[in-house]
Amino acid sequence: MRLITAAALALVLALCVWPQKRTAPPPTIVFDNVVERTGISFALDNCVTERKHQIETMIAGLAVFDYDNDGQLDLYFVNGAQIPQLAKNDPRYYNRLYRNNGDGTFTDTTEQAGVRGEGFGMGVAVADYDNDGWQDFYLAGVNRNQLFHNNGNGAFSDVTEKAGVQGLHSKLGKTWAISAGWFDYDNDGDLDLFVANYVNWSIETEPVCKVENIPAYCSPNSYEGQPNMLFRNNGDGTFTDVSEASGIGKYTGKGMGIAFADYDNDGFTDIFVSNDTYRHFLFRNKGNGTFAETAILSGVAYNENGKSIAGMGIDFRDVNNDGRPDIFVVAMIGDTFPLFLNRGRDFRDATSASGVAKATIGVTAWGSGIVDFDNDGFKDLFASCAAILDNSEQIDRLPAELPPMVLRNLGNGGFSDVSAQAGPTFRVAARHRGVAFGDLDNDGRIDAVITRQHEKPAVFLNRSPAPNHWLLVNLAGTKSNRDGLGARIHVTLPGGRVLYNHASTSVGYSASSDKRVHFGLGSAEVADKIEILWPSGIRQTLTGVKADQVLTVREQ
Amino acid sequence: MIAVSVLLLALTGQAGPAWHEPHLLAAKNYLARGDSDRAAEALEILLSAEAGLPPEVHLTLMDAWLKLDRADKAADAGERAIKAHPKSGPLLKRTGHILFRRSYTNPRAGELLENASRILPQDPEAAIEAERRALALSAGNDAARMQICTVLAIAHDKLGHAKQAEQAFAEALDANRRLRSFDPNAALEYVQFLVRQSREQEAQRIVGEMLHHAPQFGPARLERAKYLSAQGENEKAISEALSALDLAGDDPLQQRAAHAFLARTYFALGQEEEAQKHQRWIEEHQK
């Protein structure tokens, strides 16, 4: 009798399980963390202390860029420093540059390149600011920022002083910069620099915070915010601080992420800045060297319930292929991650209607991105997740380590959380921070690299199985800035479907992504038309472009 | 003054275990209307007559003082409440948080929060277990059932258990409907859950119910405004949001939410002057 019951039970179980197996949808977006095979040994060291200094938890930055122009994307990781000295007095605190060998491995070239950096770092922003064809980068950090000029011979020079971009505020002096970004706000052909500052902080005056007698990182409310800064590129290797003249410096927030796009289609690049527990800023470029802050009017200052959120990483790209850049912000557990859809001069909050709220109510994330991972022509959403408190198990009884998250764009206005099907290495929980994107192996599928506190980064190669086609557009400006940052690209597919993207390296939180502009083409083997609107105003059209290639386009 | 007189009269004739309920409800109505002064006054008189009233009365008084930006009074009220209910987790936790926010080095805050964590574990799993036990003990008490199910639902939602959250919210709503006085705050949690689930139509049915029972409840007006705006009915949305603003009283968060909605909706309609009026309010009141 017992045997019969057991057999019957087994049959029932089998019947229950069988249909699930048959109906389980095939994975659409798949990643594989290959860091152990890359030779990368960098481990993000924030010099964690018992005292819980605020700077420890905020460190995040990385860049995906091609510093030696060999067509392979290299990696740069920002690192911490000894506390309280804020000095990189041990190699464990050096920033690290890794050259892509083109065979799946990387070589540490930090010393040859001279880019170990100084002080307690935060973020990095990459661009060719002097239009010499070589990618330079700017480091945002605690009390000090640095500009590294790429000499074109594998080495960089620290030109911070000469360029005048130390980030010293006229009234506050030293600032705590979290992120920085490059864009051409005056369309003069050279890239200007935006720096997002966080809060007034010093090791001497930092408050001690405890929750139920357990030391904890303080709430941002314990600190005064700082204004952001804008530096105009003079075109001769120097910059002028135009924070006040441009109107940017008038607004004090707690800056975290920066992203650029021309949201109102007036030919001038606008700025979105996420703030931590403070309303976000949308700086509309008025085209005359000044900006108007329009986040409240445009409907992007708060979440759906009119609340300030702990805004962190952002991206500013078109998710619904209507030609208008939208905004995606990641935040803290309970906030949800706002998705603002651009209506031309203002935005509609689609967080709940799109399914993003449902997927994100219970998580905290730092980095973010709007990227078409399965090349189906619809950009998906990515979030690198982890709690803010490294002892949140003790304090909130919630995990400090979380797996990353990817939400697939269903193409009908909705998003579906496909993280659980994105591969076993993707589901690994860690103290994730910044994420940067680029096609590391040039297979047309965009990969993701995420920093993780106290351990090696995750190098997620995109193994999404769909045999979709793609294009990577590598812009070479002549009248516009050399990187073509700010250029807007429309791709028309056979049948008339139009895809839209624009060039920007400012993605996520403290991070810098590949400058090449990616398009997933779905089943289309050719793009009927590619139309590029350069920041200079030049409109360039290419027709009958074959798919599955890195297409270099020189402005003419 | 009339309210105070009525309250004193009522206090002289107190009878039965729930004699305080009408006064508590009156105080909550004052709060919902933004009249926190009157709510605090009424509750102080109530508690001076009988300090042993349930923790909810003390918690409401603390809310009233906080809304009046009087954290000192809220902390005093909390300490008095703890004397009456030394093992109340919510009182310990709320008072601890108030003291902590006033001074993060206050050892008393640490002590209270530590006690609260023992009595009222913070983790959603433990909260669910604790609330389930409480629920089993509260059969027949709809007010308790409504509150407990709401807490359960919020905890489940935080853990990503949408089905369990839904079930608990639905039970809370059923219990809420059986109460003599519908609690719009509990129903609002359910509404916001449904909105996050992209189930706006269902959410709006509950908003309708909230407005039927508590037409002066501003947050329901704002939920209705958001829905109308999403439907493209911006004029009606503005009318609802203006009501929400009127009803927000001196609650700065409700005020800001209404102003933010009005600023962006007027802007979308091209009425920039009106939009900027609301933007200015936010900028002037931004902390």
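The values are calculated or read from the model by the stated rules, or taken from the named source; none is laboratory data. Values in this document were obtained by computation on a predicted structure and should not be read as measured data. Heads up, the Cβs are rebuilt from the backbone with ideal geometry, glycines too, and the neighbour counts pull from every protein chain shown.
Summary table
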quantity	calculated
Per-region count, the stretch A:144-187, residues part of a strand (DSSP E or B) and at pLDDT below 95	2
Condition met for A:Leu407 (more than 19 Å from A:Ala60 (Cα to Cα) and in a strand (DSSP E or B))	yes
Those residues of the stretch A:280-303 which are within 14 Å of chain B (Cβ to nearest Cβ) and not in a loop (DSSP other than H, G, I, E, B), in sequence order	A:Phe281, A:Leu282, A:Arg284, A:Ala292, A:Glu293, A:Ala295, A:Ile296, A:Leu297, A:Ser298
Residues of the stretch A:474-515 classified as surrounded by fewer than 23 Cβ atoms within 10 Å (Cβ to Cβ) and part of a loop (DSSP other than H, G, I, E, B), total	7
Residue check for B:Glu283: in a helix (DSSP H, G or I) and in contact (Cβ under 8 Å) with a residue 24 or more places away in the chain	no
Qualifying positions in the stretch A:209-223 - more than 14 Å from A:Ile55 (Cα to Cα), within 8 Å of chain B (Cβ to nearest Cβ) and either part of a strand (DSSP E or B) or under 31 Å from the mean Cα position of the chain (by Cα) (or both)	A:Lys210, A:Val211
Failed criterion for A:Glu206 (all others in (1) touching a strand residue (DSSP E or B) at 6+ places or on another chain (Cβ under 6 Å); (2) within 14 Å of chain B (Cβ to nearest Cβ) hold)	(1)
Those residues of the stretch A:263-279 which are within 14 Å of another protein chain (Cβ to nearest Cβ) and without any contact (Cβ under 8 Å) to a residue 60 or more places away in the chain, in sequence order	A:Asn275, A:Thr277, A:Tyr278, A:Arg279
Looking only at the stretch A:418-446, and only at residues there that are in contact with a Gly (Cβ under 8 Å, 6 or more places away or on another chain) and not in a loop (DSSP other than H, G, I, E, B), the one that is farthest from A:Met122 (Cα to Cα)	A:Phe437
Total residues in the stretch A:495-523, condition more than 28 Å from A:Val449 (Cα to Cα) and touching a Gly at 6+ places or on another chain (Cβ under 9 Å)	2
Residue within the stretch B:67-80 that is touching a Pro at 6+ places or on another chain (Cβ under 6 Å) and at pLDDT 85 or above present	no
Residue match in the stretch A:448-462 (condition: crowded, with 19+ Cβ neighbours inside 10 Å and assigned to a loop (DSSP other than H, G, I, E, B))	no
Where A:Ile203 falls short, out of the listed (1) surrounded by fewer than 19 Cβ atoms within 10 Å (Cβ to Cβ); (2) in contact with a Lys or Arg (Cβ under 7 Å, 6 or more places away or on another chain)	(2)
All strands (runs of 3 or more DSSP E) inside the stretch A:304-362 with 3 or more residues being closer than 24 Å to A:Gly123 by Cα and away from chain B (no Cβ under 11 Å)	A:314-317, A:326-329
Top-ranked residue of the stretch B:233-287 - restricted to ones that are under 20 Å from the mean Cα position of the chain (by Cα) and among the hydrophobic types (A, V, I, L, M, F, W, C), ranked as farthest from the other protein chains (Cβ to nearest Cβ)	B:Leu247
Filtered residue count, the stretch A:277-308, keeping only those that are of a type outside the set (Ser, Thr, Tyr) and at pLDDT below 95	5
Selected residue [away from every other protein chain (no Cβ under 14 Å) and assigned to a helix (DSSP H, G or I)] from A:Ala259, A:Ala245	A:Ala245
Condition met for B:Ser181 (in the same structural domain as B:Lys158 (by TED's automatic domain parsing), assigned to a loop (DSSP other than H, G, I, E, B) and in contact (Cβ under 8 Å) with a residue 40 or more places away in the chain)	yes
A:Phe272 vs. criteria surrounded by 18 or more Cβ atoms within 10 Å (Cβ to Cβ) and touching a Leu at 6+ places or on another chain (Cβ under 8 Å)	yes
Test: residue in the stretch A:434-441 that is under 15 Å from the mean Cα position of the chain (by Cα) and surrounded by fewer than 23 Cβ atoms within 10 Å (Cβ to Cβ)	yes
